[in-house]
Amino acid sequence: MQKIIKQFPVLSQYTYVNTATSGLLYDGLLDWRQEHDLDFLIGGSKMKMKGNVLISETRNAVGKFFGCKPDNVALVPNFSIGLNLLLEGMGDKRNVLLLEGDYPSVNWPFENRECNTFYLKVTHDLEENIYSRIKSKNINVLALSLVQWLNGIKLDLEFLKSLKREFPDLMIIADGTQFLGTDVFNFEDSGIDVLGASSYKWLLGGYGNGFMLFADETPAKFTCRSIGFNAADGDLSGKENVSFTKQFEPGHLDTFNFGSLNYSLGFLSGIGMETISDQIKRLSLKAKIEFGNLGLLEESVVKRKEHSSIFNISANKDLYAKLTEKDVVCAQRGNGVRLSFHFYNTENEIDKIVGILKEK
């Protein structure tokens, strides 16, 4: 792991616990990007005309990495655009269950349309409350982040599977931006109907790329209208034969951005998602114990059996300033300071942070 960590120059300068805001650029991806742009520099359109091959490779890589048929993968610049394109085809009013304080790009698109929206607080018994509300309120759509951006509460994925079995007509739409890249995941076995993500955080794909994954039955439930020449693969006679997923790709896709995602999926696969998951779980457990012992975590986090590697500790601006002065890169979110740990972090870094928090 130390050889891998050396690929991230930022880590030699800072204690970087801010992947929930932005994943890091690393040497291997930088080399690939420079090679890509050099090819464009000397090849121009000749190089770009071959871009469809790379886009196809990326689609296949996403499908393989997350257990989804490539034909059910749509490549989008980010999650927000993908969700808005989807909801334009949702049709009749739906009863939508959302979580209070969830990421705005999850909640706002529903609130901005003709939906009957219901809300749940994110508490330690979140799954039980979701189940009760769906059973009692005729909910058609459950839309939520798999990991909450403010405090890192992680939804029980087995719960979603059982929920879908009991309520097969329930549409489950999930944002995986703060989850994918932290654990082994198989979409087709998840019970989720639509899963979208931006790739610039835990997947280390850089900015300007993301994807939407769709269950086999999803296209029949939407009437999306977005279209463009790229959706028809540049075929002037192909307007009437555009597939559901290609409606999310009406314009050209950038080989630089999506090639970066393709490269990083290969990078993570080379490390092994089991290895990455194990490391993150070790860091999460240690951080939860240490921050909990200091009384810095909210009750809803402390009571959860399993947590992500994102923590929001009770801290004021002065403590945030102290962490920053000690070269700890983190973020102010909500009423505290958010610390997020990826596989390239270490238990020693948690000890360093705890030491700073204990200083008078």
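If Gly51 satisfies every condition in (1) over 14 Å from Phe258 (Cβ atoms); (2) modelled with pLDDT under 95; (3) small (Gly, Ala, Ser) but one, which is the exception?
(1)
Sort out which residues of region 102-122 are in a loop (DSSP other than H, G, I, E, B) and surrounded by fewer than 16 Cβ atoms within 10 Å (Cβ to Cβ), and write them in order of number.
Within region 102-122, Asn112, Arg113, Glu114, Lys121 qualify.
Residue-wise test of (1) among the hydroxyl-bearing types (Ser, Thr, Tyr); (2) in contact with a helix residue (DSSP H, G or I) (Cβ under 9 Å, 6 or more places away or on another chain); (3) touching a residue at least 24 places away in the same chain (Cβ under 8 Å).
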site: Ala143; (1), (2), (3): no, yes, yes
site: Gly152; (1), (2), (3): no, yes, yes
site: Lys164; (1), (2), (3): no, no, yes
site: Ala215; (1), (2), (3): no, yes, yes
site: Ser226; (1), (2), (3): yes, yes, yes
site: Gly238; (1), (2), (3): no, yes, no
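Taking Leu160, is it open to solvent by less than 40 Å² (accessible area, probe 1.4 Å) and of a type in the set (A, V, I, L, M, F, W, C)?
yes
Just the residues that are aliphatic (A, V, I, L, M) and assigned to a strand (DSSP E or B), please, taken from region 68-100.
Hits for region 68-100 are Val73, Ala74, Leu75, Val76, Val96, Leu97, Leu98, Leu99.
Inside region 217-262, can you point out the residues that are closer than 30 Å to Gln34 by Cβ, modelled with pLDDT under 95 and polar (S, T, N, Q)?
Of everything in region 217-262, just one residue is closer than 30 Å to Gln34 by Cβ, modelled with pLDDT under 95 and polar (S, T, N, Q), namely Asn230.
Report yes if Leu83 is in contact with a Pro (Cβ under 7 Å, 6 or more places away or on another chain), under 22 Å from Leu180 (Cα atoms), modelled with pLDDT of 95 or more and crowded, with 21+ Cβ neighbours inside 10 Å, otherwise no.
yes
Can you name every residue in region 201-222 that is surrounded by 24 or more Cβ atoms within 10 Å (Cβ to Cβ), in a loop (DSSP other than H, G, I, E, B) and of a type in the set (Phe, Trp, Tyr)?
Residue satisfying the conditions is Trp202 alone.
Looking only at region 316-335, which residues are under 22 Å from the mean Cα position of the chain (by Cα) and either without any contact (Cβ under 8 Å) to a residue 60 or more places away in the chain or in a helix (DSSP H, G or I) (or both)?
Gln332
Do you know which of the residues in region 126-135 that are closer than 29 Å to Arg338 by Cβ and free of Cβ contacts under 8 Å to residues at least 24 places away in the same chain is surrounded by the most Cβ atoms within 10 Å (Cβ to Cβ)?
Per the stated criteria, the residue is Asn129.
Could you list all residues from region 301-314 that are touching a strand residue (DSSP E or B) at 6+ places or on another chain (Cβ under 8 Å), without any contact (Cβ under 8 Å) to a residue 60 or more places away in the chain and open to solvent by 20 Å² or more (accessible area, probe 1.4 Å)?
Answer for region 301-314, where residues must be touching a strand residue (DSSP E or B) at 6+ places or on another chain (Cβ under 8 Å), without any contact (Cβ under 8 Å) to a residue 60 or more places away in the chain and open to solvent by 20 Å² or more (accessible area, probe 1.4 Å): just Ser314.
Could we say that Lys288 is open to solvent by 10 Å² or more (accessible area, probe 1.4 Å) and either assigned to a helix (DSSP H, G or I) or more than 21 Å from Lys154 (Cβ to Cβ) (or both) here?
So Lys288 fits the description; yes.
Please determine, by comparing only the residues of region 123-159 that are aliphatic (A, V, I, L, M) and in a helix (DSSP H, G or I), which one is farthest from the chain's Cα centre (by Cα).
Among residues in region 123-159 that are aliphatic (A, V, I, L, M) and in a helix (DSSP H, G or I), the one farthest from the chain's Cα centre (by Cα) is Ile134.
Out of the residues in region 167-189 that are open to solvent by less than 10 Å² (accessible area, probe 1.4 Å) and in a loop (DSSP other than H, G, I, E, B), which is farthest from Phe110 (Cα to Cα)?
Gly181
I'd like to know if region 38-52 contains one or more residues that are of a type outside the set (A, V, I, L, M), closer than 19 Å to Phe267 by Cβ and without any contact (Cβ under 8 Å) to a residue 60 or more places away in the chain.
no
Residue pairs, Cβ under 8 Å, 6 or more apart or interchain, first in region 254-271 and of a type in the set (Asp, Glu), second open to solvent by 10 Å² or more (accessible area, probe 1.4 Å). List them.
Note: pairs meeting the criteria are Asp254/Gly208.
What's the number of the only condition in (1) on the phi < 0 side of the Ramachandran plot; (2) open to solvent by 20 Å² or more (accessible area, probe 1.4 Å) that Asn138 fails to meet?
Unmet condition: (1).
Just wondering, is there one or more residues in region 51-60 that are over 17 Å from the mean Cα position of the chain (by Cα), surrounded by fewer than 16 Cβ atoms within 10 Å (Cβ to Cβ) and outside any helix (DSSP H, G or I)?
Checked region 51-60: no residue is over 17 Å from the mean Cα position of the chain (by Cα), surrounded by fewer than 16 Cβ atoms within 10 Å (Cβ to Cβ) and outside any helix (DSSP H, G or I).
The values are calculated or read from the model by the stated rules, or taken from the named source; none is laboratory data. Predicted, not measured: the structure shown is a model, and the values here were computed from it. Using ideal geometry, Cβ is built from the backbone for each residue, glycine included, and neighbour counts are taken over all protein chains shown. Surface accessibility is based on the protein's heavy atoms, side chains included, excluding ligands, DNA and RNA. Shrake-Rupley method; radii C 1.70, N 1.55, O 1.52, S 1.80 Å.
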